[in-house]
There are 2 protein chains.
Amino acid sequence: MKQKYRAAVLHSAGEIQIDERSFSPLQSGEAVIRVQFAGVCGTDIALFSGDYPVPLPLVLGHEFAGEVVEVASKADAGWIGKRVTAEINNTCWAYRKEKFCLACGKGLSTHCTERTVVGIINYDGAYAEYLRVPVGNLHALPDGVSWETGVFIEPLAAAIQTFEITPITPSNRIVVLGVGRLGLLICAVAAFRGAQVCAVSRSQSKLDRALAWGVTAAIRAGQPDWIAAVREWTGGLGADIVVEATGSPEGLSLASEVVRPRGTIALKSTCGLPASGIDVTKLVVDEVQIHTSRCGPFAKAIGLLTRQPLPVGSLVSEIYPLDQVSQAIERAKWTTKILIQPNG
Amino acid sequence: MKQKYRAAVLHSAGEIQIDERSFSPLQSGEAVIRVQFAGVCGTDIALFSGDYPVPLPLVLGHEFAGEVVEVASKADAGWIGKRVTAEINNTCWAYRKEKFCLACGKGLSTHCTERTVVGIINYDGAYAEYLRVPVGNLHALPDGVSWETGVFIEPLAAAIQTFEITPITPSNRIVVLGVGRLGLLICAVAAFRGAQVCAVSRSQSKLDRALAWGVTAAIRAGQPDWIAAVREWTGGLGADIVVEATGSPEGLSLASEVVRPRGTIALKSTCGLPASGIDVTKLVVDEVQIHTSRCGPFAKAIGLLTRQPLPVGSLVSEIYPLDQVSQAIERAKWTTKILIQPNG
């Protein structure tokens, strides 16, 4: 392991520069990962633009796969050399603290009140040659899971979490608004669980891909009467569940147009921008429930990738070196999955 | 029964006039009620002002008690002379139609796609000497329930519906934002079910009343650090359930400040105004669920009033005659419960 390493540091909105860093001593329970690949997601785009403001400077990157090269404790030496990814909430639980915060004490460890979040909140992420994580967050990649596929475990877990919070049954008719990187994974998880899924997007190519990934129907948003078409697909009353994965603050209002009375809107977008013009009275009159969810169960994501290989690797459109992270994030607005290869 | 009757008709926002009306023939399954009292609620204020726009002209008034004076069908003759109130959603179910709409067919009869709603949507309400309703919506008032108390069955059912949609357990810590007419009933229902309840209001007199009605704690909104005080009352993490009954589009944002991660915000306000500046990203990061609910189970409300007499009558501050409905609605912004006495 080198004594110094390079990291792409976001110093202010839109301003990333490559800094050389020295390793500081590991805290108890930490491991160092040599990053193989890191993904760019919608949250990274919002963090980079400043729409989603967080304390800076910060190294972005919270979807990643790499190899463990160092651990703080001898007890964790078994991790050395392992191919891994890691959960991103650094919590009392992940650090195996003796005294838990209120949230970890209630079993809500992803909501740890003391947490940092890799690449998002006060903790440097994976757009770097190396990153450190608490050993409690590590998950080994099974042999059949490639480096590239390993990057998708974090977003796939987030997709699965949608239906951990909002359980589905095979009789449900589910509309997914927005079938970009995350929306497509959500479609795949819902279809895998047997639900009837209708993908909605402004992009025909995204709809074609969603159809190839197993959705039942695809409707082009923005076309005349597209909302009526979605409602008709649901049987007329509206969808049992509408997953809002548009990445836009307008998504909630659109979702309320196609959900059935007593149905559920599952919000996934973390675009940072406030939502306006929300017709709360309509939501109350229709007794619509709004669920939200984010980080999900890595073990289930790994299990799904092992049992039912999803062609996630086919989503990778381009791979950028570390010194082109800014370009990679800009480019990610217009394509499927961009990977960063910090040690490439 | 008179051949003609008087009704307070909302012709345009803020413009009510007393019209003389003739009875048109009853439809099958309908009953005529001679109105004893009708209540004024926040929805009436929003309908009157135009904030909550609906087709006009319309007779407002959806909380009422009165006597059945006529029925369309001999089979319903047993209702004649009965003291009653009635549910307000006129549905396929309520009209005992042979063919149900999609919603009634799914058991979602309060969401009937063919419905009218007494005093709200395309159906004249109880600010009139008489109103007609489908017999299927009638509920008899038990002997111990006075005319005045009968008016509170509709809002009490709406309060109960909060916890039909969002079940509570005695260990829950519940914050009720806004303890006006509806919020107070919600506090009473939650306390009756054994939850710890903290009432929050800008008005000290409303808080004093909530304490007298059984809440555990009362916190004055708008005082410095009131949000911190609410969070401290919850134990620090935030409330398990926050019921938003402020009647204001700001309520949702305030609720998101005091709910715990994975907690639930129960929206009750139907003020008609759009909500803006909603920090959807914060809601998603905290995995907050938003529940909404409106009309509830009348039978449970009547049961509660019979088993556990709530002092709802003490909320009646003033009683107005029919020709002062406008003044009554204006006055209702500033006091507890105003009743209209159309035949007084």
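The values are calculated or read from the model by the stated rules, or taken from the named source; none is laboratory data. Just so it is clear, the structure is predicted and the values come from calculations on it, not from any experiment. Cβ sites come from the backbone with ideal geometry, for glycine too, and all protein chains shown count toward neighbours. Side chains are part of the model used for accessible areas, which takes the heavy atoms of the whole protein and leaves out ligands, DNA and RNA. Shrake-Rupley method; radii C 1.70, N 1.55, O 1.52, S 1.80 Å.
Comparing the full protein assembly with the isolated chain (1.4 Å probe, heavy atoms, ligands and nucleic acids excluded), the residues of segment A:92-108 losing at least 40 square angstrom of accessible area are A:102, A:108.
Buried accessible surface for the A/B chain pair comes to about 3600 Å², total over both chains, computed with a 1.4 Å probe. The chymotrypsin sites (Phe, Trp or Tyr not before Pro) of segment A:1-104 that meet both conditions, a loop assignment by DSSP and at most 16 other Cβ atoms within 10 Å of the site Cβ, are A:23.
With both residues required to sit in the protein assembly as shown, DSSP beta bridges show an antiparallel share near 55%. Principal axis extents of the Cα atoms in segment B:242-286, from largest to smallest and rounded to whole angstrom, are 27, 19, 11.
When the P(r) is computed for the protein assembly as shown, the part past 38 Å accounts for 43% of the Cα-Cα pairs. Would you give the gap between the C-alpha center of segment A:82-130 and the C-alpha center of segment B:151-221, rounded to a whole Å? With segment A:82-130 and segment B:151-221 each reduced to a Cα centre, they are spaced 37 Å.
Neighbours of residue B:151, meaning other residues whose beta-carbon lies under 13 angstrom from its beta-carbon, give a summed charge of -1 when Lys and Arg score +1 and Asp and Glu score -1. Loop-located GluC sites (Glu not before Pro) in segment A:87-181 (DSSP state not H, G, I, E or B) with no more than 10 neighbouring Cβ atoms inside 10 Å: A:98.
Across peptide A:261-273, the average count of Cβ atoms from other chains found within 10 Å of a residue's Cβ is 4. Here the Gaussian network model covers chain A, with springs between Cα atoms less than 10 Å apart; of A:312, A:285, A:215, A:285 fluctuates the most.
Need the C-alpha centroid separation for segment B:12-75 versus segment B:275-319, integer Å. Each part reduced to its Cα centre gives a spacing of 23 Å. Expressed as a whole percent, the accessible surface of segment B:158-292 that belongs to carbon and sulfur atoms is 49, based on a 1.4 Å probe.
With a Förster radius of 56 Å applied to the beta-carbon distance between residue A:26 and residue A:228, the computed FRET efficiency rounds to 0.45. Backbone phi angles across segment A:167-178, fed through the Karplus curve with coefficients 6.51, -1.76 and 1.60 (θ = phi - 60°), yield HN-Hα couplings of x, 10, 10, x, 7, 5, 9, 10, 9, 10, 8, x Hz in residue order; Gly and Pro are listed as x.
Applying 0.36 nm per residue to the separation of residue A:114 and residue A:51 and subtracting their alpha-carbon distance, the gain on full extension is 20.3 nm. Its convex hull of Cα atoms gives segment A:156-231 a direction-averaged projected area, equal to a quarter of the hull surface, of 4.6 nm². Pairs exceeding a 18 Å alpha-carbon distance, out of B:206/B:337; A:206/A:333; B:206/B:333; A:106/A:300; B:4/B:74: A:106/A:300; B:4/B:74. Among B:224, B:167, B:57, the largest mean-square fluctuation in a Gaussian network model of chain B (Cα springs under 10 Å) belongs to B:224. For segment B:158-292, the per residue solvent-accessible surface stands at 33 Å², with DNA, RNA and ligands left out and a 1.4 Å probe. Computed from point charges on the beta carbon alone (+1 for Lys and Arg, -1 for Asp and Glu), the dipole magnitude for the protein assembly as shown about its Cα centre is near 1180 Debye.
Taken over the alpha carbons of segment A:158-292 as equal point scatterers, the Debye sum produces base-10 log I(q)/I(0) values at 0.13, 0.21, 0.22 Å⁻¹ of -0.45, -1.31, -1.45.
Note on chain B: with a GNM built from Cα contacts shorter than 10 Å, the maximum mean-square fluctuation among B:81, B:61, B:42 falls on B:81. Where a ≥ b ≥ c are the square roots of the eigenvalues of the C-alpha gyration tensor, would you call segment A:1-140 rounded, which needs a/c under 1.5, or, failing that, prolate if a/b is larger than b/c, or oblate? Cα axes put segment A:1-140 in the oblate bin. Per residue, the convex hull spanned by the Cα atoms of segment A:12-51 measures out at 131 cubic angstrom.
Summary: within chain A, the longest segment free of trypsin sites (Lys or Arg not before Pro) located in DSSP loops with at most 11 other C-beta atoms within 10 Å is A:100-344. Using every pair of separate Cα atoms, the Kirkwood estimate puts the hydrodynamic radius of chain B at 20.7 angstrom.
In segment B:235-344, Rg over Rh equals 1.08, where Rg is the alpha-carbon radius of gyration and Rh the Kirkwood radius from pairwise Cα distances. Couplings 3J(HN,Hα) of segment A:128-135, computed from phi: 7, 5, 9, 9, 10, 9, x, 4 Hz, in residue order, whole Hz [Karplus 6.51 cos²θ - 1.76 cosθ + 1.60, θ = phi - 60°; x for Gly and Pro]. The calculated FRET efficiency for residue A:17 paired with residue A:69, based on their beta-carbon distance and R0 = 22 Å, is about 0.35. Where only DSSP H runs of four or more residues are counted, the protein assembly as shown gives -7000 deg cm²/dmol as its mean residue ellipticity at 222 nm, each run worth -39500 (n - 2.57). Look at the stretch A:159-166: the mean tally of other chain Cβ atoms within 10 Å of its residues' Cβ atoms is 1. Residues of segment A:17-46 with backbone nitrogen within less than 16 Å of a virtual label 7 Å along the Cα-to-Cβ line of residue A:330, please, listed as ranges. Once the point is set 7 Å along Cα→Cβ of residue A:330, A:17-18, A:45-46 turn out to lie under 16 Å by backbone N, inside segment A:17-46.
Taking every DSSP beta bridge that has both ends in chain B, the antiparallel portion is near 55%.
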